[in-house]
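The values are calculated or read from the model by the stated rules, or taken from the named source; none is laboratory data. Only a predicted model underlies this, so the values are computations on that prediction, with no experimental measurement involved. A quick note on method: Cβ atoms are made from the backbone with ideal geometry, for glycine too, and the neighbour counts reach across all protein chains shown.
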Amino acid sequence: MASLQQLPLALQLRDSALLENFIIGGNENLLYNLCNGSEQYIYLWGEQACGKSHLLQALCHRAGIHGLTSAYLPLGHAELNEPDILDGLESLDLICLDELEHIAGDPDWEVALFHLINRLRDAGKRLVIAARHAPGKLGIGLPDLESRLNWGVIYQLATLGDADKLIFLQERAAQRGLQLGNDVAEFLLKRYPRDMASLFELLDRLDKASLAAQRKLTIPFVREFL
Amino acid sequence: MSQSLWDKCLGRLESELTQQQFNTWIRPLHAVEEGDQLRLLAPNRFVRDRIHENFLQRISEIMGGDGDTMVRISLEIGSSSIEAPVPQQSPVRSPAQTFNHGGGAPAPSQNRGITLNPNYTFATFVEGKSNQLARAASSQVAENPGEAYNPLFLYGGVGLGKTHLMHAIGNRIREKNPNANVVYLHSERFVADMVKALQRNAINEFKMYYRSVDALLIDDIQFFAGKERSQEEFFHTFNALLEGQRQVILTCDRYPKEVDGLEERLKSRFGWGLPVAIEPPELETRVAILQSKATLSHVDLPQEVAFFIAKRLRSNIRELEGALRRVIANAQFTGRPITMEFAKDALRDLLALQDKLVTIDNIQKTVAEYYKIRVAELHSKRRNRSIARPRQVAMALCKELTNHSLPEIGDAFGGRDHTTVLHAVKKIAELKETETKIGEDYANLIRTLSS
């Protein structure tokens, strides 16, 4: 059944970040503002793998559905290594900047971002920024930039409670065609670190292992494998 | 070419590329379909080059996929939305003229500056001791442009209201004389405009334009630092405007003489008129600013809430505004009135402004302190209630506030089993409901640990 050629397709499917498959947890307010609010600029921060990139990419997807242009720029990505990438972005309808912490402290990037924020504001275009920390904790060197980063509505992304993590694990598993029963999901949450990055990674390993062993995810299998 | 051809192409690309590639490189493209031609507009050189290198071939393949239609694809920098075609120019012929703002036809001169923000007026400017002088000077300049103080040089730290005053002057000049050509722009825009003009051999037009305005408002001139060619051009523009008794208003983050990388002659000229400082607002002014912003947003902000926010955010007005926006956003979402409790709740993470780093160690220390026992006792084997209960509370807190696994938590409590942790979590959940004291203890501890 599961030939190697099917793998890329499976990977593709599980990667799609949509607002519909974002587990809201304690973030109803933020989500409401992102979807219905008229804020020109929103800043969100939170720990690793708490859903920031998911949200930003989902917003781009949603913009596309409405016929709007957008850009998702993960600033920690090696491909985006020059501040020139920020030129002219005010011609787009929505800009989503992810991983802002990567450019904090770099004078060229900071100036370029400062100017971009001014241009977006003047053009009335939407900006959503995500980072690991609040603006004041990023180590921004340019005070002009820091003050502009503080201008928007700032949200700390609430991390999921265990009940939501359980749903999250099951949904992610389902997207990969894996069936993860309540008992197994609870077993995982009781025995392994419960931060989202670890859970992602755990699910990845289980996915591969169950595929390789051609076995379902049961407690005995998980116990044996891990 | 059917309109949906590009949409189909997008659909294909979305399924073939990773989501990140698609969102980063393909979504920013603006497509214009004309007859059998598809013009792809990238927002900048960076995106254009990347599309050219990595995706253009595939796009061509997909677009030509149906066989019978030959689609010519061009890739340029530009946008069809921000610079509208200029009425007096010949109708759409050359792509560069209509779409390419990266280097082509001259920009329409009327569009050069940024529109003044109508909300930034003297009426909405909250006056206090810190900005009295700046406001008075601005008001005089607005009433007598070109005569009172020229140039007016407003300086001070970030987010103190320099831009607001500048727009207020511009708006007032326009109010008195609707035909006045008031141009507001950020210094970066001036530099960018000049570079573009040089590229397209239109520097004379550039000069003529800027030297013909009635009032030139340039924000954040410290960003001219190190840009010698721009400084020189600005120097001449500046002189021409002053000679013609046109008003020049500049803002900067510091006193003219203190800007590094600025030519001496510019520094000295900036000091000719009136350099006036804006200081950070004192508490009462911050409160008044919040109330003024709330009124503008049609929101009822109780005095005590305004004081609460103003006391905690001191450095600049943008932060105040950001905090107020957050409170308003929460109020709109929940439909609840803004009270002290509500504001505290809405701003909890903002005011803490630090990543809550709750560790097992930290929890153990806090719990031990709270119950007046020693941390070592939490690790010990002792099972009498005065120790066991705090231990269970600490375990439950570890489960709730950290992401450690249950075995890890058990380990940290003297090598206990994960089922012991699980039992503690259940026990405490139960006791929180049945014993008020435990419920209170738990809530107090959470508050201490997360603020």
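Could you figure out which of (1) free of Cβ contacts under 8 Å to residues at least 24 places away in the same chain; (2) closer than 22 Å to A:Leu142 by Cβ isn't true of B:Glu243?
Just one mismatch for B:Glu243, condition (2).
For the stretch B:104-143: of the residues being part of a loop (DSSP other than H, G, I, E, B) and among the basic types (Lys, Arg), which is modelled with the highest pLDDT?
Looking at the filtered set, the residue picked out is B:Lys129.
List the number of the failed condition for A:Asp98; all other conditions in (1) under 18 Å from A:Val153 (Cα atoms); (2) buried (at least 19 other Cβ atoms within 10 Å of the Cβ); (3) within 9 Å of chain B (Cβ to nearest Cβ) hold.
Just one mismatch for A:Asp98, condition (3).
Restricting to the stretch B:27-46, count the residues that are hydrophobic (A, V, I, L, M, F, W, C) and either within 9 Å of chain A (Cβ to nearest Cβ) or in contact with a Gly (Cβ under 6 Å, 6 or more places away or on another chain) (or both).
4
Which one is modelled with the highest pLDDT, of the residues in the stretch B:384-431 that are polar (S, T, N, Q) and more than 14 Å from A:Lys190 (Cβ to Cβ)?
Among those residues, the one meeting the criterion is B:Gln392.
Hey, which of the helices (runs of 4 or more DSSP H) in the stretch B:329-418, taking only ones fully inside, have at least 1 residues that are facing another protein chain (nearest Cβ under 10 Å) and in contact with a strand residue (DSSP E or B) (Cβ under 9 Å, 6 or more places away or on another chain)?
B:348-352
Of the numbered conditions (1) in contact with a strand residue (DSSP E or B) (Cβ under 9 Å, 6 or more places away or on another chain); (2) of a type in the set (A, V, I, L, M, F, W, C); (3) within 30 Å of B:Ala323 (Cα to Cα), B:Val259 fails exactly one; give the number of that condition.
For B:Val259, the failing item is (3).
When the residues of the stretch B:1-20 are filtered to those that are polar (S, T, N, Q) and in contact with an Asp or Glu (Cβ under 9 Å, 6 or more places away or on another chain), which remaining residue is nearest to the other protein chains (Cβ to nearest Cβ)?
That would be B:Gln19.
Please count how many residues of the stretch A:182-213 are more than 29 Å from B:Leu401 (Cβ to Cβ) and either touching a Cys at 6+ places or on another chain (Cβ under 7 Å) or without any contact (Cβ under 8 Å) to a residue 24 or more places away in the chain (or both).
4
Examine the stretch A:64-87 for a residue that is part of a helix (DSSP H, G or I), acidic (Asp, Glu) and surrounded by fewer than 22 Cβ atoms within 10 Å (Cβ to Cβ), and state whether such a residue exists.
Checked against the condition, which is being part of a helix (DSSP H, G or I), acidic (Asp, Glu) and surrounded by fewer than 22 Cβ atoms within 10 Å (Cβ to Cβ), the stretch A:64-87 yields at least one hit.
I'd like to know if the stretch B:275-282 contains one or more residues that are surrounded by 22 or more Cβ atoms within 10 Å (Cβ to Cβ), touching a residue at least 24 places away in the same chain (Cβ under 8 Å) and away from chain A (no Cβ under 14 Å).
Within the stretch B:275-282 (the criterion being surrounded by 22 or more Cβ atoms within 10 Å (Cβ to Cβ), touching a residue at least 24 places away in the same chain (Cβ under 8 Å) and away from chain A (no Cβ under 14 Å)), the answer is no, since none of the residues qualifies.
Consider B:Thr295 carefully, then state whether it is crowded, with 16+ Cβ neighbours inside 10 Å, away from chain A (no Cβ under 14 Å) and of a type in the set (Ser, Thr, Tyr).
So B:Thr295 does not fit the description; no.
Of the residues in the stretch A:31-87, how many are at the interface with chain B (Cβ under 9 Å from one of its Cβ atoms), closer than 18 Å to A:Val153 by Cβ and of a type in the set (D, E, K, R)?
Total meeting the criteria: 1.
Can you spot a residue in the stretch B:233-253 that is over 30 Å from B:Leu198 (Cβ atoms) and part of a helix (DSSP H, G or I)?
no
Looking only at residues in the stretch B:144-188 that are farther than 17 Å from A:Leu145 by Cα and among the basic types (Lys, Arg), which one is surrounded by the most Cβ atoms within 10 Å (Cβ to Cβ)?
Here the answer is B:Arg172.
Residue check, A:Val128 against (1) crowded, with 20+ Cβ neighbours inside 10 Å; (2) touching a His at 6+ places or on another chain (Cβ under 9 Å); (3) more than 9 Å from chain B (Cβ to nearest Cβ), all met but one. Which one?
(2)
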